[in-house]
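Here the structure comes first, spelled out in structure tokens, and everything after it is commentary.
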Amino acid sequence: MAATLEYALASQERVLTALRQSQTAVVDVVGTWAKAVENASPDIPAIPVAAAMPSMDELVTNTYEFAGKMLEAQRQFTAELVAAAAPAIKTTPVEVPTA
């Protein structure tokens with residue numbers, strides 16, 4: 001694997017680790033806040049049409065499944081585009097000097 005790709009993969013992993021840590025911190029804070037105010041707010045009367053609406057979990061799941069399908073379609077398109085353009089892209093391999 002090329003050193004540049006290794007560096008990119010390591011950088012991506014660091015970004016994902018930082019993202020997960022910050023997401024965990026936010027979830028913890030929101031959970032603590034929700035427990036603290038749970039009994040402080042009055043009960044809200046049910047809205048009749050709300051039963052016909054999808055739940056928040058369903059909305060999140062549906063949205064991310066769609067986003068995943070869109071991302072996969074874009075990945076496939078990009079792979080096909082690169083393959084289609086390959087005959088026109090002429091590159092000469094460069095030897096990397098060894099130390």
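Quick notes on this structure:
- Across the accessible surface of the chain, with the other protein chains kept in place and a 1.4 Å probe, carbon and sulfur atoms take up 67 percent.
- Axis of helix 3-37 versus longest Cα principal axis of the chain: the two differ by about 0°, to the nearest ten degrees.
- Size of the chain as Cα extents on the principal axes (Å, biggest first): 71, 36, 12
- Applying both filters, DSSP loop and at most 14 other Cβ atoms within 10 Å, to the GluC sites (Glu not before Pro) of region 29-86 gives GLU38.
- Additional length obtainable on full extension of the chain from SER41 to MET70, 0.36 nm per residue less Cα span: 6.5 nm
- Region 58-82 and region 25-50 have Cα centres lying 32 Å from one another.
- Shown is the FRET efficiency for THR78 and ASP57, computed with R0 = 41 Å from the Cβ-Cβ distance and rounded to the nearest 0.05: 0.85.
- Cα long-axis angle, helix 56-85 against the chain (0 to 90 degrees, to the nearest 10): 10
- Point-charge dipole on Cβ atoms (K/R +1, D/E -1) for the chain, about Cα centre, debye to 20: 280
- Surface accessible to a 1.4 Å probe, per residue, for the residues of the chain, Å²: 96
- Calculated mean residue ellipticity, 222 nm, the chain: -24000 deg cm²/dmol, from DSSP H runs (n ≥ 4) at -39500 (n - 2.57) each, averaged per residue and rounded to 500.
- Summing charges over neighbours of TYR64, with a neighbour being any other residue whose Cβ is under 12 Å away from its Cβ, gives -2 when K and R count +1 and D and E count -1.
- Taking the chain as a Gaussian network of alpha-carbon nodes connected by springs under 10 Å, the highest mean-square fluctuation of the residues ALA67, ALA51, ALA18 belongs to ALA18.
The values are calculated or read from the model by the stated rules, or taken from the named source; none is laboratory data. Note that the structure is predicted; figures quoted are calculated from it, not measured. FYI the Cβ positions are ideal-geometry reconstructions off the backbone, even for glycines, and counts take in every protein chain you see. We work out accessible area using only protein heavy atoms, side chains counted, and drop any ligands, DNA or RNA first. Shrake-Rupley method; radii C 1.70, N 1.55, O 1.52, S 1.80 Å.
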